[in-house]
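Okay, so here's the structure we're looking at.
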Amino acid sequence: LNSKMSIIGLGYFRSFKLFNRLAKFDVIVPYAIGDYEALLEGEEAATTKNGFGDPLVRISMILIGEDPLKPKEFFAKEQKKFKLGLALRMKVPLGQYEPDKLINLGGNRWAFKGAVAGSHTIKNKLVLETHVSGWFFQENDNFYGGNTSKQAALWGLQFHANYIFKPGIWLASSLGGVRV
């Protein structure tokens, strides 16, 4: 399969207080423009797909760490050393989907991602972070050719180290992996 795809995303992001903790809500709606070429049952085939993909909705919250602050207060306050947060993301099956087509922009199934993330700052210069996450997928029982598409959970683990030379200048290194 050879493909060339461009994706433009429109997003809305909003921070707010939830149970007197800092929280964020965001929605991202992707629009894709793509050309695909492949061998299908020994024959060359090509198609073009343009349209909306499945939107992503997320709510996240800092459980331990920063309090909700106004921008002026945020920049004047010393940052806390340890932070712990949670996030829940949903992929909503509203994208372009045609069950008689093999290639689609939408998945025709719900997907959910839960994540826990923590960070620790050392001497206001070195920030160590870790993220643990899992994607969980609903079955698509209206997949190409009358089939059912199933996918096992995807588990992710990431580690990040960031060294801050001065505000706006930093060096970062990351390591991550996914397990099915």
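Table for the structure above
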{"quantity": "Per-region count, the range 94-113, residues outside any loop (DSSP other than H, G, I, E, B) and either crowded, with 16+ Cβ neighbours inside 10 Å or in contact with a Cys (Cβ under 9 Å, 6 or more places away or on another chain) (or both)", "calculated": "2"}
{"quantity": "Single unsatisfied condition, Val178 versus (1) open to solvent by 70 Å² or more (accessible area, probe 1.4 Å); (2) more than 24 Å from Lys91 (Cα to Cα); (3) of a type in the set (Val, Ile, Thr)", "calculated": "(2)"}
{"quantity": "Selection within the range 153-169 - at pLDDT below 95 and either surrounded by 13 or more Cβ atoms within 10 Å (Cβ to Cβ) or under 26 Å from Arg89 (Cβ atoms) (or both)", "calculated": "Ile164"}
{"quantity": "Qualifying position, being at negative phi and among the polar types (S, T, N, Q), among Asn142, Asn124", "calculated": "Asn142"}
{"quantity": "Conditions (1) open to solvent by 50 Å² or more (accessible area, probe 1.4 Å); (2) under 23 Å from the mean Cα position of the chain (by Cα); (3) under 30 Å from Gln138 (Cβ atoms); number of the one not met by Lys17", "calculated": "(3)"}
{"quantity": "Some residue of the range 80-93 being farther than 19 Å from Pro30 by Cβ and assigned to a loop (DSSP other than H, G, I, E, B)", "calculated": "yes"}
{"quantity": "Index of the failed condition, Gly95 passing every other in (1) in contact (Cβ under 8 Å) with a residue 60 or more places away in the chain; (2) more than 30 Å from Ala46 (Cβ to Cβ)", "calculated": "(2)"}
{"quantity": "Qualifying positions in the range 107-121 - farther than 15 Å from Arg89 by Cβ and modelled with pLDDT of 95 or more", "calculated": "Asn108, Gly118, Ser119, His120"}
{"quantity": "Answer residue from the range 53-80, given it is of a type in the set (Asp, Glu) and surrounded by fewer than 16 Cβ atoms within 10 Å (Cβ to Cβ) and is nearest to Ala115 (Cα to Cα) among those", "calculated": "Glu66"}
{"quantity": "Unique match (being in contact with a Leu (Cβ under 6 Å, 6 or more places away or on another chain) and closer than 21 Å to Phe112 by Cβ) among Lys91, Lys24, Lys49", "calculated": "Lys91"}
{"quantity": "Identity of the residue in the range 129-180, polar (S, T, N, Q) and in a loop (DSSP other than H, G, I, E, B), that ends up farthest from Arg58 (Cα to Cα)", "calculated": "Gln151"}
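The values are calculated or read from the model by the stated rules, or taken from the named source; none is laboratory data. Everything quoted here is computed from the prediction, not taken from an experiment. Ideal geometry is used to build each Cβ from the backbone, glycine not excepted, and the neighbour counts take in all protein chains shown. Just so you know, the surface numbers come from the protein's heavy atoms only, side chains and all, with ligands and any DNA or RNA stripped out. Shrake-Rupley method; radii C 1.70, N 1.55, O 1.52, S 1.80 Å.
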